[in-house]
Amino acid sequence: MGGTITPVRVRDVVIGEGTPTIVVPVMGRTPAALREQVAAVAGRADVVEWRVDFFDRIDDIAAVAEQAAGLATQLQGTPLLATCRTANEGGQVEISDDAYADLTVALAESGAVDLVDVEYRRDRAAVDRIVAAAHARHVAVVASNHDFDATPPKDEIVARLREMQDLGADICKIAVMPRTTGDVLVLLDATRTMHEDYADRPLITMSMGGLGVLSRIAGQVFGSAATFGMVGTASAPGQIDADELRSVLELLDRSR
């Protein structure tokens, strides 16, 4: 049963307690582009997400691990979330389950990242291997699911989040696409039900696009522990500038 959420601590950031954590993605294709993006993000993100699927040397695991180390050094203590978003879930790369697991395990074992994203609907053996490797190195696992076509029914959203929790993820994340304002309410109500009745760890939920902006700024009211903002270029539809997002989140937090 839900009710008591165990927050996730990554360095000096606590996810699942207080004002929602702001995650800002960097999507450079080259080391130089990534350095420039990280410099722009400095001080504006609680967690930086490296979208590895944009990296032009993604096929070279050693180069990926080296780049992760470079980002960690530049971030000077800001937690780093490594994400290889695949084409099936709106990302840039088509990759086999084994290659996906090899890449994500290497990132988890690199010593440079604090969290890894795992698309929980990939091959279960691959997912289990990633979760085990990450936890062995005290790297937090963000299980994720993305639906860029529609908003599933409330019960289906809750079921997916419960599946993520059952497989051992530290944080459970789902992003869906609304077609109506009613769809946004479905996502928020699913978040509330999961948070109140089932969750024992942090959730990150969002309704994407312009219709879903409300979920990115008010998700905390319903139980979402983090939200994704942008500095420069958005990685998903509906992301808000990180500075504007922080102002709104702090206003909501003071008003509660």
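The values are calculated or read from the model by the stated rules, or taken from the named source; none is laboratory data. Remember, it's a predicted structure, so these values are computed and weren't measured experimentally. Ideal geometry is used to build each Cβ from the backbone, glycine not excepted, and the neighbour counts take in all protein chains shown. Only protein heavy atoms, including side chains, enter the accessible area calculation; ligands, DNA and RNA are left aside. Shrake-Rupley method; radii C 1.70, N 1.55, O 1.52, S 1.80 Å.
Here is how the numbers come out for the structure above:
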{"item": "Conditions (1) without any contact (Cβ under 8 Å) to a residue 40 or more places away in the chain; (2) closer than 25 Å to residue 53 by Cα; (3) not in a loop (DSSP other than H, G, I, E, B): number failed by residue 175", "result": "(1)"}
{"item": "Test: residue 193 is open to solvent by 50 Å² or more (accessible area, probe 1.4 Å) and either β-branched (Val, Ile, Thr) or within 19 Å of the chain's Cα centre (by Cα) (or both)", "result": "no"}
{"item": "Qualifying residue in segment 56-72 (condition: in contact with a helix residue (DSSP H, G or I) (Cβ under 9 Å, 6 or more places away or on another chain) and within 18 Å of residue 241 (Cα to Cα))", "result": "no"}
{"item": "Single unsatisfied condition, residue 203 versus (1) in contact with a Gly (Cβ under 9 Å, 6 or more places away or on another chain); (2) surrounded by fewer than 19 Cβ atoms within 10 Å (Cβ to Cβ)", "result": "(2)"}
{"item": "Segment 208-251 - residue that is open to solvent by 50 Å² or more (accessible area, probe 1.4 Å) and farther than 26 Å from residue 40 by Cα and, of those, modelled with the highest pLDDT", "result": "222"}
{"item": "Residue that is most open to solvent (accessible area, probe 1.4 Å) [pool: residues in segment 136-164 that are among the aliphatic types (A, V, I, L, M) and assigned to a helix (DSSP H, G or I)]", "result": "136"}
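Residues are listed down the side, and each one gets a yes or a no for (1) over 17 Å from the mean Cα position of the chain (by Cα); (2) closer than 29 Å to residue 191 by Cα; (3) charged (D, E, K, R); (4) at pLDDT 95 or above:
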residue	(1), (2), (3), (4)
21	no, yes, no, yes
32	yes, no, no, yes
48	no, yes, no, yes
63	yes, no, no, yes
71	yes, no, no, yes
81	no, yes, no, yes
85	no, yes, yes, yes
98	yes, no, yes, yes
